[in-house]
Amino acid sequence: MIESNNQGKGAGLGQGFKYTADYIFDGYRLRKGALLHLNAAGEVLGLIDSPDAHNLKGATHFAGILCPGLINAHCHLELSHLKGAIEKKTGLPGFAQKVMGLRSFPKEEITAALELADNKMWENGIQAVGDICNTTDSLAKKQQTKILYRNFIECLGFLPEQAAARFNYAYKVWEQFYQVNPASSLVPHAPYSVSAQLFAKINQSLSALPGPEKRIISMHNQESAPENEFFRTGRGEFIDFYKNMGIDLGFYKPSGKSSLQTVLPYLGVADSNLLLVHNTFMDKADLAFALNQAKSLNMQLYFVLCPGANLYIENRLPDILMLLGAGVNLALGTDSLASNDQLSIAREMQHILQAHPALSKETLLSWATLSGARALGFEKLLGSFENGKNPGVVLLSEELDLIKRIL
Ligand SMILES: [Zn+2]
C-alpha cells in the first residue's frame, strides 16, 4: 500500500519522504523501528511497524525519536523583545508590575524581536502556537509564517466601571485578527485582572460565536500564591500591586474562595475548550471544582503547563502528579521570552523530566503533540502521524532533547 502511493510518480522518493528511526512517536505511543511515509507536501501517507527490505528501499534512517511537530499551547509572541529584561524569581505580582513598566518600546524593536522568535520556534520544531495578544503587533508576521497560530485576544480590566471600554478595545484588536485568521477568540487574562462585568461580556461574545470549534478559551490560572490570597482574604501582594497602579479597590469584596473557584462560574461557556494556564497553586479542591463545572457544561478542560516560566518567576512547579493522577488533559506552553530563556517545547519537557524522571516519555510526548493540538482545535491537521494529517516531523534524542526539525 505504501509502495502503491509512489506508482506513476517517476522516481518515487523524489515525490515524497520515507523515514525510519530508532523510535517513531505517532502521537499516542512509541513504535520501535517503524517507517513513516509522507508525500511531497508533508501529508502522512502511512506508518508501518516492522517494515521489510522492500518497504525500506529509499528510506532515510535517523538515530533518536521522530515525532510530529510540537505544539506550544501558551505563548506571548508580542513580548519577545523583553528577553532578559526582567530578573528571575520576582514572584508574579512583581513580575506583572515590571512588564507593565516596560510596555513602551519602539515598534521596530518589537517587530524584529517577534519575527526572530517566530523563526526560532519553527526551528525548535514547533508547529502550532496558542498565542496571547494584547495588541496587533504580531498580526503582520502571522500572515507570513510557517507556524499555525490560534490567537487569544486578551481582555484586561479589574475596575467594573471600565468593563465596556476595556472590552471594546480588545474587541477591535480581535476583529483585526479574526478577519485574517478565524482561529482567534476573546479571552480573559486572569482571575485577578478581569471584573465580573468584563467576564460577562467575554462570555457573551464567546457564546455567540457559531460552532464549538470557535469557542476555544484560555486563561492564566493560579500562577502565584498571592492570587489565591487576594480572593480568599483580600490581602497580600496584589493589594500593593493595585495600589502602585493607582487603582482604588474600594469596590472589591473577597469571595473567601480560591481564585479559580471564584471566577470559573463566570466562564461557563457550553461546548468550549478551556485552557487553564500555569495552575502552579491549584489544589485538589480546585481541580474537582473545575472538572465538575466542565462536566455540567460539556466543556473540555486542558491544563497547560509552562514549567520554564514557573521556574523563572516563582521557582516552583505545579503539582504535576496530582494532574496526572486525575487523568486530565495536559498540554505544554513556553509562556513568553519575558519569563523564559527560550521558546522550546522540548526544553519544557526537559524541565518536567528533571523534576519527575520516572514520568513516561510517551505521556510527556503526547502532551507536547496531540493533546496540545486538541487543546488548540488543530487535531484534524496536526499532532499525530495519522493518514491525511500534515503535522511536520521533528527529531528528538531518546532523552527528549531537540536534535532538529526534519520537515
Ligand atoms: Zn502567559
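The values are calculated or read from the model by the stated rules, or taken from the named source; none is laboratory data. Everything numeric in this text was worked out from a predicted model, so none of it was measured. With ideal geometry, Cβ positions are generated from the backbone for all residues, glycine too; neighbour counts draw on all protein chains shown. Heavy atoms of the whole protein, side chains included, go into the accessibility calculation; ligands, DNA and RNA do not. Shrake-Rupley method; radii C 1.70, N 1.55, O 1.52, S 1.80 Å.
List of remarks:
- Cα long-axis angle, helix 92-101 against the chain (0 to 90 degrees, to the nearest 10): 90 degrees
- Dipole of the chain computed with +1 at Lys/Arg Cβ and -1 at Asp/Glu Cβ about the Cα centre; of Leu148, Gly308, Thr369, farthest Cα towards the positive end is Leu148.
- Largest-first principal axis extents of the Cα set of the chain (Å): 76, 42, 41
- The aspartates and glutamates whose alpha-carbon is closer than 13 Å to the alpha-carbon of Lys57, local same-chain residues fewer than 8 away aside, are Glu3.
- Cut-off under 5 Å, modelled amide H: who pairs with Ile217 long-range: Asn273, Leu274, Leu275
- Selected from Asp26, Asp319, Asp131 as most flexible by GNM, with the chain as the system and alpha-carbon contacts under 10 Å: Asp319
- Per residue value of the accessible surface for the stretch 200-296 (all protein chains in place, 1.4 Å probe), Å²: 43 Å²
- One decimal place: the segment Gln15-Glu161 gains 46.5 nm when fully extended, by the rule 0.36 nm per residue minus the C-alpha distance.
- Student exercise, the stretch 201-339 dipole from Lys, Arg, Asp, Glu Cβ charges, in Debye to nearest 20: 380 debye
- Our Cα-only numbers for the stretch 267-396 put the radius of gyration and Dmax at 14.9, 42 Å.
- Accessible surface of the chain, 1.4 Å probe, proportion on carbon and sulfur as whole %: 51 percent
- For the chain, the antiparallel share of DSSP beta bridges with both residues in that region comes to about 35%.
- Counting heavy atoms of the protein chains alone, Met349 has an accessible area of about 0 Å² for a 1.4 Å probe.
- Each residue was assigned an accessible area with a 1.4 Å probe, and for Arg374 the value is about 100 Å².
- Secondary-structure-derived ellipticity at 222 nm for the chain, considering helices only, amounts to -9500 deg cm²/dmol, per-run term -39500 (n - 2.57) for DSSP H runs with n ≥ 4.
- Max mean-square fluctuation residue, GNM over the chain, Cα-Cα springs under 10 Å, options Ala183, Ala21, Ala59: Ala59
- Size of electric dipole in the chain: Cβ of Lys, Arg +1 and of Asp, Glu -1, about Cα centre, debye, nearest 20: 400 debye
- Degrees separating the helix 196-208 axis from the principal Cα axis of the chain, which is the longest one: 40 degrees
- With 5 Å bins beginning at zero, the pair-distance distribution over Cα atoms of the stretch 51-161 amounts to 2, 9, 17, 18, 15, 13, 8, 6, 4, 3, 3, 2, 1, 0, 0 %.
- Only beta bridges with both residues in the stretch 9-123 are counted; by DSSP, about 70 percent of them are antiparallel.
- When the listed pairs Lys284/Lys380; Lys83/Lys146; Lys380/Lys404; Lys146/Lys380; Lys107/Lys253; Lys142/Lys404 are checked against a 29 Å cut-off, the alpha-carbon distance exceeds it for Lys284/Lys380; Lys107/Lys253.
- P(r) tail, the stretch 71-113: Cα-Cα pairs separated by more than 18 Å, 34% of all pairs.
- Accessible solvent surface per residue of the stretch 1-156, calculated while the other protein chains remain in place, 1.4 angstrom probe, Å²: 43 Å²
- Cα long-axis angle, helix 284-297 against the chain (0 to 90 degrees, to the nearest 10): 80 degrees
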